[in-house]
Amino acid sequence: MPMPPKPRSGAPKPDLPKFKPSQLLWMAAGVLLALNLLYQFGAGPTPIPYSQFEQYLAQDKIARITVAGDIIRGAFKQPEADGTTGFTTLRVPSDIAVELAKHGVEFSGAASGSLLGTLLGWVLPPLLFVGVWLVASRYMMGGRGGGGSLFGGGLLSAGRSRAKLVAETDVQTSFEDVAGVDEAKAELHEIVDFLKRPEAFERLGAHIPRGILLIGPPGTGKTLLARAVAGEAGVPFFSTNGAEFVEMFVGVGAARVRDLFEQARKLAPCIIFIDELDALGRTRGASPVGGQDEKEQTLNQLLAEMDGFDRSVAIVVLSATNRPEVLDPALLRAGRFDRQVLVDRPEKKGRAQILKVHLKRLTLADDVDLDAIAALTPGFTGADLANLANEAALRATRRGADAVALEDFAESVDRIVAGLERRSRVLIPRERRIVAYHEMGHALVALAIPGIDPVQKVSIIPRGVAALGYTMQHPTEDRFLLGRNELEARMTVLMGGRAAETLIGSDVSTGAADDLVKATDIARGMVLRFGMDAGLGPVAWDTEQGQFLNEPGSFWRPRRYSEATSREADDAVRGLLNRALERALAILRDNRKLLDTTAEALLTHEVLKGSEIPCPKPEIRAEATVLPDPPDA
Ligand code: ADP
Ligand code: MG
Ligand code: ZN
């Protein structure tokens, strides 16, 4: 049953910014100015000519006067017939005044500055203030909104959406333009079908996920994919960027989100695309400094909108990020961005396909071989490859050649790699070798220990933000209880990478940092939470629960055991990890030949499936590495 959109609690009230700060400021400036003018020119004592003043003086009507420069202010002894109690006049030098008075001329003084000058003196300073403030605030808003008048993109339009909100109705991008990301495309095909014929899906009561998050490193074609979905489905495309919702004033970003969804509802079926979602969807309250209110409200509004719209309204919210780890968990909940599509760096085959797309426009020499270029470019993203095509073409042009040759590509690869290395995304050969051994170390150890999750895939294509390679293990069944043996086996697999690095005599590298963290977590859990260490006994020393919904909690937690226990626990943890490393080393030493051949294979193919790796000799556990069972087992 379609429910009317219900505002989430905690969502900002719909009309929160009654007066925008800018309006308030203008009002204040106006009032001040008016007061000034009034004070100077109105309602005060009546201005009179100097000659009149002399007459009053002669008639003894004046009680007292004050002289300030040329201005004389006076008060009458008795109010005049018309009720005035005082006057002001501007002094005329007395020598002239005497002469003039003799001849009965009416004379009056004038301030040496002009009226214009006076006005400017009063009006300019506040204007200056306002001006400086405007400029500063525009500056703080990130200089967005580019050209336009002083008021165009900045202050006075705060709260209104930016012009970009107009939907694109005729997106020309298609799936053909996006190559080498077949898995992602397959997932998005369903969305395209839904947008084309929403009724067909409703027939059986199904509904399509409304939020899809494209995750992947920069340049892998996430933005391009989103456009392609719109192009394929032929629906309007609202393209925005997370940063556009981040505003200085509380409530403005939220208003913008509301606007966006309102417009989208009118045009459904359609796509809302929020690029770089992390700019807006960061974990709430994660920042120790203040100033989070605005982002929080904007995020809440987005969540409210995503929950609010009726399932039958065909709006699909696509979003992209390269930092999924900083996203607020609430965004990833069911009914929001619950469908996540990984858009990873392409492997060799994918790179060849992407090259094909980008080489279409170029005139190529006969020797150009897509596979050869693909082999030269491990770790390149789609954007890097597009750049490569262009660099090669430029180089051929400079050479004065008729066509772009393989040599141009090879040269350009070198140049680009040098640039990328600085950003540490593409590995130099020596590093690739270490990574290949490291990953094969994990894989072989996992294969050698019986009864552990089988290896699916080993890869040395840098993935995500930090990992240089990865070994993927998939459990054959869901596990809720893990025995001590299994935990130890997992630690051993995690140590496999470091063990392999040691075996090839390379300096131990930083590549194992992540493995060590995970292994240490397991070991600490065994010792402090699961009572698996004989020495420390079956005591839950540490009862830390996973933080509720990943909420940032307090950083400080009281330790509930003594210094001595703490030391003993550290020793036990270290012992577990050392034994795991020894075990991994023993397995790999046993399979040294296999390690070499498979690492070589990995270097050439970049990716190996589990089934492509020959089985290592199964582990024979030496007596020394078998641990005494804990007393309760
Ligand atoms: P992202 O949004 O993931 O950072 P983009 O979609 O902006 O990356 O990609 C930038 C450019 O790189 C695209 O305009 C396109 O020319 C090229 N590109 C990236 N990925 C691909 C791909 N898979 N196929 C073809 N071109 C790609
Ligand atoms: Mg992008
Ligand atoms: Zn590792």
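The values are calculated or read from the model by the stated rules, or taken from the named source; none is laboratory data. What you see is a predicted model, and the numbers here were worked out from it, not measured in a lab. Positions of Cβ are backbone-derived with ideal geometry, glycine not excepted, and every protein chain shown enters the neighbour counts. These area figures cover heavy atoms from the full protein model, side chains too; ligands, DNA and RNA do not enter into them. Shrake-Rupley method; radii C 1.70, N 1.55, O 1.52, S 1.80 Å.
Could you say which residue among Val171, Val178, Val98, Val166 is of a type outside the set (S, T, N, Q), at pLDDT 70 or above and either over 21 Å from Phe273 (Cα atoms) or surrounded by fewer than 11 Cβ atoms within 10 Å (Cβ to Cβ) (or both)?
Val98
Name every residue in the stretch 86-100 that is more than 13 Å from Tyr56 (Cβ to Cβ) and in contact with a Phe, Trp or Tyr (Cβ under 8 Å, 6 or more places away or on another chain), in order of residue number.
Leu90, Arg91, Val92, Ile96, Ala97, Leu100 - these are the residues of the stretch 86-100 that are more than 13 Å from Tyr56 (Cβ to Cβ) and in contact with a Phe, Trp or Tyr (Cβ under 8 Å, 6 or more places away or on another chain).
Just give me the residues in the stretch 196-243 being in contact with a Lys or Arg (Cβ under 6 Å, 6 or more places away or on another chain) and at pLDDT below 80, in sequence order.
Listed by number, the residues that qualify are His207, Pro209.
Filter the stretch 320-369 down to the residues that are away from ligand 2 (no atom under 16 Å from the Cβ) and among the small types (Gly, Ala, Ser), then identify the one that is most open to solvent (accessible area, probe 1.4 Å).
By that ranking, first place goes to Ala334.
Of the numbered conditions (1) assigned by TED's automatic domain parsing to the domain that holds Ala446; (2) at pLDDT below 85, Asp570 fails exactly one; give the number of that condition.
With respect to (1) assigned by TED's automatic domain parsing to the domain that holds Ala446; (2) at pLDDT below 85, Asp570 is out only on (2).
When you scan the stretch 208-226, do you find a residue that is more than 13 Å from ligand 1 (Cβ to nearest atom) and of a type in the set (Lys, Arg), even just one?
Scanning the stretch 208-226, I find at least one residue that is more than 13 Å from ligand 1 (Cβ to nearest atom) and of a type in the set (Lys, Arg), so the answer is yes.
Need pairs with beta-carbon distance below 8 Å; first residue more than 16 Å from Thr520 (Cβ to Cβ) and part of a helix (DSSP H, G or I) and within the stretch 560-576, second open to solvent by 70 Å² or more (accessible area, probe 1.4 Å) and at pLDDT below 95; sequence gap 6+ or separate chains.
none
Is one or more of the residues making up the stretch 75-83 open to solvent by 70 Å² or more (accessible area, probe 1.4 Å) and at pLDDT 80 or above?
Scanning the stretch 75-83, I find at least one residue that is open to solvent by 70 Å² or more (accessible area, probe 1.4 Å) and at pLDDT 80 or above, so the answer is yes.
In the stretch 259-267, is there at least one residue being under 23 Å from Phe175 (Cβ atoms) and either within 14 Å of ligand 1 (Cβ to nearest atom) or buried (at least 22 other Cβ atoms within 10 Å of the Cβ) (or both)? So that I can check it myself, show each step before the final result.
Filtering the stretch 259-267 for residues under 23 Å from Phe175 (Cβ atoms) gives 264, 267.
This time we only want the ones that are either within 14 Å of ligand 1 (Cβ to nearest atom) or buried (at least 22 other Cβ atoms within 10 Å of the Cβ) (or both), so: 264.
The answer is yes; a qualifying residue exists.
Within the stretch 271-279, can one find any residue that is out of contact with any helix residue (DSSP H, G or I) (no Cβ under 6 Å at 6 or more places or on another chain) and of a type outside the set (D, E, K, R)?
no
Kindly indicate whether any position in the stretch 310-317 is in a helix (DSSP H, G or I) and either within 15 Å of Val257 (Cα to Cα) or at pLDDT 80 or above (or both). So that I can check it myself, show each step before the final result.
Looking only at the stretch 310-317, we keep the residues that are in a helix (DSSP H, G or I), and these are none.
No, that holds for no residue.
Here are some residues: Lys295, Lys266. Which one is over 14 Å from Val317 (Cβ atoms) and modelled with pLDDT of 85 or more?
Answer to the check: Lys266.
What are the residues in the stretch 500-535 that are open to solvent by 60 Å² or more (accessible area, probe 1.4 Å) and part of a helix (DSSP H, G or I), if any?
If the condition is that a residue be open to solvent by 60 Å² or more (accessible area, probe 1.4 Å) and part of a helix (DSSP H, G or I), then Thr502, Thr510, Asp514, Val517, Lys518, Asp521, Arg524, Arg529 are the ones that fit.
Condition check: in contact with a strand residue (DSSP E or B) (Cβ under 8 Å, 6 or more places away or on another chain) and farther than 22 Å from Asp182 by Cβ. Does Ala393 satisfy that?
Criteria met by Ala393.
From the list Ser22, Ser51, which residue is surrounded by 15 or more Cβ atoms within 10 Å (Cβ to Cβ), assigned to a helix (DSSP H, G or I) and modelled with pLDDT under 70?
Answer to the selection: Ser22.
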